[in-house]
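Novice: Let me give you the structure first, and then I'll get to my questions.
The values are calculated or read from the model by the stated rules, or taken from the named source; none is laboratory data. In this text the structure is predicted, and so the values were computed from the model without any measurement. Positions of Cβ are generated from backbone atoms using ideal geometry, with glycine treated the same way; all protein chains shown enter the neighbour counts. Areas reflect the complete protein model, heavy atoms only, side chains present, ligands, DNA and RNA absent. Shrake-Rupley method; radii C 1.70, N 1.55, O 1.52, S 1.80 Å.
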Amino acid sequence: MLQLGQLSLKERTFCAPSSLHVNTAHVGTRPPKYRCWRQNQIDLACDAVVKRSFTVRRAAEQYGVPRSTLHDRIAGKVLPGSTNGPLKYLSSLEEEELVQFLHSCADIGYAKTRQQVLLLVQQIVKKKGLNVKVTNGWWESFRSRHEQISLRTGERLPYVRVQSSTPRIISNYFDLLYDTLSSNNLLEKPCLIFNVDETGMPLDPPALKVVAPRGVKHSQVVQVAIRARLLLLVAAVPLVSPCHQW
């Protein structure tokens with residue numbers, strides 16, 4: 001039998017004696033997923049310890065939560081409903097109130113833009129004493145948590161039109177229209193009634209995107225002042241064909 005020293009380098013490399021074993025490195029298993037329990041599980045476990053006199057070990061095993069996590073909540077080291085990570089700018093209740101506020105603003109024609117929402121939250125955070133800046137990253141996370149809101153291009157609505165859209169004014173308009181048609185003997189002569197309309201190029205800047213409830217295609221935004229627009233064409237057509245005999 002040849003000694004290891006009598007073998008060439010190549011033979012020692014590729015023809016190692018069978019008695020030489022190479023220990024393979026141990027490949028550890030992947031650690032379990034972090035926080036593999038739900039909030040209702042920890043709530044039930046806490047109730048079992050506090051109200052049903054369960055031990056921490058028994059409650060943790062029965063409801064499938066870590067014993068140390070349950071112990072910290074029972075001892076008051078961790079507040080109920082607390083989550084890991086940085087401190088939230090707004091609580092869950094405050095975020096729900098913010099969503100309702102944004103819906104209300106959109107319903108009355110004063111929808112808020114994304115920048116306005118960020119400024120509003122920044123003021124709330126400042127009053128809480130948090131030295132942080134509310135960025136677009138918070139907005140994206142906020143919108144992902146509340147799928148009932150979305151961004152829509154606002155449709156400008158002149159403030160004068162809003163003031164002229166009350167039921168009393170609209171009712172008076174139709175009364176005046178009927179009296180005008182009756183006094184001019186036009187109720188039975190639609191061929192003498194013309195519909196006049198114009199088209200043009202607005203000189204206002206492009207409309208901004210505003211926060212609106214999901215499903216609303218056009219969110220109207222009341223605008224106090226509307227700039228003039230370049231009038232291109234005025235058209236007038238009768239309600240029926242003039243050649244029709246009456």
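Novice: For the range 110-120, how many residues are out of contact with any Cys (no Cβ under 6 Å at 6 or more places or on another chain) and either farther than 16 Å from LEU151 by Cβ or open to solvent by 30 Å² or more (accessible area, probe 1.4 Å) (or both)?
Specialist: From the range 110-120, those out of contact with any Cys (no Cβ under 6 Å at 6 or more places or on another chain) are 110, 113-120; that's our starting set.
If we keep only those that are either farther than 16 Å from LEU151 by Cβ or open to solvent by 30 Å² or more (accessible area, probe 1.4 Å) (or both) too, we end up with 110, 114-116, 119-120.
Residues in the range 110-120 being out of contact with any Cys (no Cβ under 6 Å at 6 or more places or on another chain) and either farther than 16 Å from LEU151 by Cβ or open to solvent by 30 Å² or more (accessible area, probe 1.4 Å) (or both): 6 in total.
Novice: To continue, here is another question. Just to be sure before I move on: is LEU87 assigned to a helix (DSSP H, G or I) and on the phi < 0 side of the Ramachandran plot in the structure I sent?
Specialist: no
Novice: With (1) under 30 Å from ARG214 (Cα atoms); (2) at pLDDT 90 or above; (3) open to solvent by less than 50 Å² (accessible area, probe 1.4 Å) as the list, and SER82 as the residue in question, which single condition is left unmet?
Specialist: Condition (2) is where SER82 drops out.
Novice: Conditions first: (1) more than 27 Å from LYS88 (Cβ to Cβ); (2) in a helix (DSSP H, G or I). TRP139 passes all but one, so which condition is the exception?
Specialist: If we test TRP139 against (1) more than 27 Å from LYS88 (Cβ to Cβ); (2) in a helix (DSSP H, G or I), just (1) comes out false.
Novice: What number of residues in the range 129-146 are over 27 Å from PRO213 (Cα atoms) and loosely packed, with under 11 Cβ neighbours inside 10 Å? Write out each step before concluding.
Specialist: So the first thing to find is which residues in the range 129-146 are over 27 Å from PRO213 (Cα atoms), and the list is 129-132.
Subsequent filtering for residues that are loosely packed, with under 11 Cβ neighbours inside 10 Å retains 129, 131.
Residues in the range 129-146 being over 27 Å from PRO213 (Cα atoms) and loosely packed, with under 11 Cβ neighbours inside 10 Å: 2 in total.
Novice: Checking LYS51 against (1) surrounded by 11 or more Cβ atoms within 10 Å (Cβ to Cβ); (2) free of Cβ contacts under 8 Å to residues at least 12 places away in the same chain: exactly one of these is not met. Which one?
Specialist: (1)
Novice: Tell me yes or no: at least one residue of the range 166-182 is loosely packed, with under 10 Cβ neighbours inside 10 Å, at pLDDT 85 or above and at positive phi.
Specialist: no
Novice: Can you find a residue in the range 154-173 that is of a type in the set (Phe, Trp, Tyr), more than 21 Å from HIS103 (Cα to Cα) and out of contact with any strand residue (DSSP E or B) (no Cβ under 9 Å at 6 or more places or on another chain)? Step through it out loud before you land on a result.
Specialist: Quick first cut of the range 154-173, residues of a type in the set (Phe, Trp, Tyr) only: 159, 173.
Among the residues that remain, those that are also more than 21 Å from HIS103 (Cα to Cα) are: 173.
After this cut, where a residue has to be out of contact with any strand residue (DSSP E or B) (no Cβ under 9 Å at 6 or more places or on another chain) as well, the list is 173.
Checked against the condition, which is being of a type in the set (Phe, Trp, Tyr), more than 21 Å from HIS103 (Cα to Cα) and out of contact with any strand residue (DSSP E or B) (no Cβ under 9 Å at 6 or more places or on another chain), the range 154-173 yields at least one hit.
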